[in-house]
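Working notes, beginning with the structure itself.
The values are calculated or read from the model by the stated rules, or taken from the named source; none is laboratory data. Here the structure is a predicted model, which is why all the values come from computation and not from measurement. Using ideal geometry, Cβ is built from the backbone for each residue, glycine included, and neighbour counts are taken over all protein chains shown. We work out accessible area using only protein heavy atoms, side chains counted, and drop any ligands, DNA or RNA first. Shrake-Rupley method; radii C 1.70, N 1.55, O 1.52, S 1.80 Å.
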Amino acid sequence: MPPPETAAAVQPAAELPPRFTSGDGSAYRRLASAMLKAESKGETKVSVTVPVSGRPLEVAALCPRDGSIKVARPRVVVNGEPTAGWFQQCMTRPGMGMALDSVSVPKGVKQVTITFDVTGSGCVREKGGPCPTRTFSQHADWPLAVYEYTPPARPVEPDPVEAFPSQLGTLELAGRASGVWPRETSFELTVTSPGGYFRIEQLCTGDLADRLSLSYRIGDEASQGDEASQGEWACSRHRDLDETNGTLWSEKIPEGTKITISGKVRVRGGHPKRQVGWSVGVYSSKIVRLAR
């Protein structure tokens, strides 16, 4: 049996600010702060209790400079109930600085206790049981905080989403849909198959771009049944387009077949008066038979 890996501490980050204003004009005020230290191997979670004023609450973390998947990220627990928050941005964009995520508050409460927990980071809880303890090769200092924010008096229009290129390598742009959430929350477009596959790309802008997700269906459920390609993916302000990293691929579709691609758009946590620009690009890939 190989010896256990030696834990390597990641460089600490600076303190989270007491107040700041986001790019869309939302004014944030820090209610509490906490720290999980890399040097304290036995300290796997920390809790803070904050008042509930009716304004939206968010949790924040300063991402380690090393965004490796080997770094244990804190999960967020509100009044004993796990949430979807895992500070995923810290893994996908190393050294990005502060990451924010939504917190759902139970109705009618005057205060909530929020726990940041790196025990069993990344596990899936089965039947309400605890997450198993996992060993990671890296520990990190996690400066953490809870904020409340006041939305802007009027929604701020997000930056335009960049145009999709007409080609990505051998792929050709077959259709495009775009909008601004929450004004536009769904789309549907029809494209014609060149005798191959379709793939989907997505791009977003705005402060809450990382919290927007799009659900897709390629094809008609009534006509294709379980063969219809479908799924839901989170968007991002920092996604790079290339020929290989498509969000969703269709099955092979005969040449000349018209196919409908539909989807719904949502932002985790809601967030009134805060807007996100989104755009979906559908690319076609023709199957080329080589001469023998």
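Values for this structure:
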quantity	calculated
Segments 58-65, 103-110, 28-35 sorted - mean Cβ within 10 Å per residue, highest first	58-65, 28-35, 103-110
Exposure of residue 139 as accessible area (Å², to 10), given a probe of 1.4 Å and all protein chains	60
Cα-projected label distance for residue 45 with residue 163, points at 7 Å along beta-carbon direction, nm	5.2
Net +/- balance of residues flanking residue 34 in space, Cβ distance below 12 Å, scoring K and R +1, D and E -1	-1
Förster radius 51 Å - calculated FRET efficiency between residue 255 and residue 53, Cβ distance, rounded to 0.05	0.30
